[in-house]
Amino acid sequence: MKNSLVKAKATVKAKPKLWHCYNSRSLRALWALEELGIDYELETMAFPPRYTVEKYKALNSLGTVPFFVDGENGEIQMTESVAICHYLGEKYQSVNNIILSAVDSDYGDYLNWLYHSDATLTFPQTVVIRYRTFAAQDSTQRQTA
């Protein structure tokens, strides 16, 4: 999934860059960037960018957000919000560190809760949103939504 368009635009000492949409999973990565005090670039777009931003799919073939790039030549390219948070915590450890290491006794709990948002919460949230927001009122099932 590496994209040569990003590499061509990258400069030495490039800042990490996040492509972000309001009310999307990219908020997780944006929050981590802020909490860690990282100097970064932000590209805020209308949702969904695969349809609203010309040539976005040339940059990120998935067309999803977040899209994150890091490294001297843009060689780190990521699209999973929780993985981006994990990456940032590991790479940019500082006095504002928000991660635990494998030697910490709570490391297992830390990883479990870190990935909980995608693995466990996404499906029930999707069901509720689908039936409360998008289903016709006469077809809404109370036990589902």
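Ligands, DNA and RNA excluded, the heavy atoms of GLU41 present near 80 Å² of accessible surface to a 1.4 Å solvent probe. Taking amide H as placed 1.01 Å from N in the peptide plane, the amide H of GLU43 sits under 5 Å from that of LEU18, TRP19, HIS20, each at least 5 places away or on another chain.
Of interest is the spacing of the C-alpha centroids, which for segment 20-45 and segment 50-95 amounts to 10 Å. Evaluating 6.51 cos²θ - 1.76 cosθ + 1.60 at θ = phi - 60° for every residue in segment 67-73, the Karplus couplings come out as 10, 10, 10, 8, x, 4, 10 Hz, glycine and proline recorded as x.
Once divided by 2.2 N^0.38 Å, the Cα radius of gyration of segment 13-99 becomes 1.04. 3J(HN,Hα) along segment 46-53, derived from phi through the Karplus expression 6.51 cos²θ - 1.76 cosθ + 1.60 where θ = phi - 60°, amounts to 6, 9, x, x, 4, 10, 9, 10 Hz, with x in place of Gly and Pro.
Counting only heavy atoms of the protein chains and using a 1.4 Å probe, ASP70 has close to 0 Å² of accessible surface. For segment 26-60, applying the loop criterion from DSSP together with a ceiling of 14 other beta carbons within 10 Å to the trypsin sites (Lys or Arg not before Pro) yields LYS55.
The values are calculated or read from the model by the stated rules, or taken from the named source; none is laboratory data. Everything numeric in this text was worked out from a predicted model, so none of it was measured. Heads up, the Cβs are rebuilt from the backbone with ideal geometry, glycines too, and the neighbour counts pull from every protein chain shown. The area values use the complete protein model at the heavy-atom level, side chains included, leaving out ligands, DNA and RNA. Shrake-Rupley method; radii C 1.70, N 1.55, O 1.52, S 1.80 Å.
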